[in-house]
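All remarks here apply to the structure that follows.
Nothing in this text is a laboratory measurement; each read-out follows from the coordinates by a stated rule. Here the structure is a predicted model, which means the values were calculated and not measured. Backbone-built Cβ (ideal geometry, glycine too); neighbour counts: all protein chains shown.
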Amino acid sequence: MKMDRTADLVPDVPAASPEVFRQLGTITRQLHDTLTELGVMPKLQRAADRLPDARSRLTYIATKTGEAADKVLSSVEQAKVEHASIASSTRAIAAAIVANPVRAVASGAVMNFVGEVEASTARIDRHLTDIMMAQDFHDLTGQVVAKVVSLAADLEDSLVKLLVQAAPHELAHKVETSALNGPVVDRTGRSDTVANQGEVDDLLASLGF
Amino acid sequence: MNNAAALRFLVVDDFSTMRRIVKGLLKDMGCHNAEEAEDGVQALSKLKEQSFDFVVSDINMPNMTGFELLAAIKADDALKHLPVLMVTAEARKEDIILAAKSGAAGYIVKPFTKATLEEKVHKILQKMATPAVAPNPRA
């Protein structure tokens, strides 16, 4: 009956053998039974329900950290300009004092320099305070990260059980890791990664680069 | 780093923060002439339109990865002379080996220090100044 309806919907596709449908039905039933036995389905369902929440949490982290990084870099760039200005003024006043100390003081150049340094350091102090305040993202995102990590652990637990059950025996130990590209956060027990720049250099040197 | 000061750098990274950090460090090294690109596609386009002396590239990027960019640069007769320094969070040995075999001039893992970047850039520039093989007289 169902086969006839399928054929009506997709008339150009040659009719598959009833044996194919029987096998598909068997596989589907096996998968359903396995998932139920493992207790994975309710857990996966719960985890899936929390995914939109996780997405918004991760977006929040990305936004907060991005804003903090921008704020810090802008403050550093402005403070460096102030710093360069002080350095330049210092060299100029030093040259003036060496050339003619009396004139440097009498002309007001020394006092102007003192005032300039005072104003500049006040501005640099404000930039440093901004940099300090920008670190508040750490506290906020830390809490969010903890919740997302908990969700990820639930998902991992469910998916590993599913993978072990579903994968052919000879492939069960081979887990594709390309999707996990990025910083290696835990190198414990891993020999396929390097721990620092020194190991990168040693590896390249051993290859003749 | 006097020789680096006159060079034009292209900093490729999908994170603007990292681009700013690398540019800031290059500036501290006296290299004030640095452009940015968000991914391999934009980088390749800029490399074909403008003249650069040095490329500093991330690996994991959308549209075109650092490896794909490296391959494209090395496959282009007009660009293949450019040194490409990979600066990436990828710490897997196979990636480091692949980068070296694909023609990368250097490889830095994040997080890195100013001293590391300075040392690698300096080393690459020294290597460029000293050709490893005699020039082809027919070239």
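Per-structure values
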read-out: Sites residue A:117 and residue A:97, calculated FRET efficiency, Cβ-Cβ separation with R0 22 Å, nearest 0.05; value: 0.95
read-out: Number of partner chain Cβ atoms within 10 Å, mean per residue of B:16-22; value: 3
read-out: Inter-chain shielding of A:109-118 (mean C-beta neighbours from other protein chains, 10 Å cut-off); value: 0
read-out: Violating pairs (Cα-Cα greater than 28 angstrom) within the set A:80/B:93; B:46/B:123; A:64/B:74; B:27/B:48; B:101/B:123; value: A:80/B:93; A:64/B:74
read-out: Sparsely packed GluC sites (Glu not before Pro) within the range B:1-75, loop by DSSP, other Cβ within 10 Å at most 12; value: none
read-out: Förster radius 30 Å - calculated FRET efficiency between residue A:33 and residue A:150 (Cβ-Cβ, nearest 0.05); value: 0.55
read-out: Globularity ratio of chain B, using Cα Rg and 2.2 N^0.38 Å; value: 0.99
read-out: For A:198-204, mean number of other protein chain Cβ atoms within 10 Å; value: 5
read-out: Likely footprinting exposure, A:138, A:127, fewest C-beta neighbours within 10 Å first; value: A:138, A:127
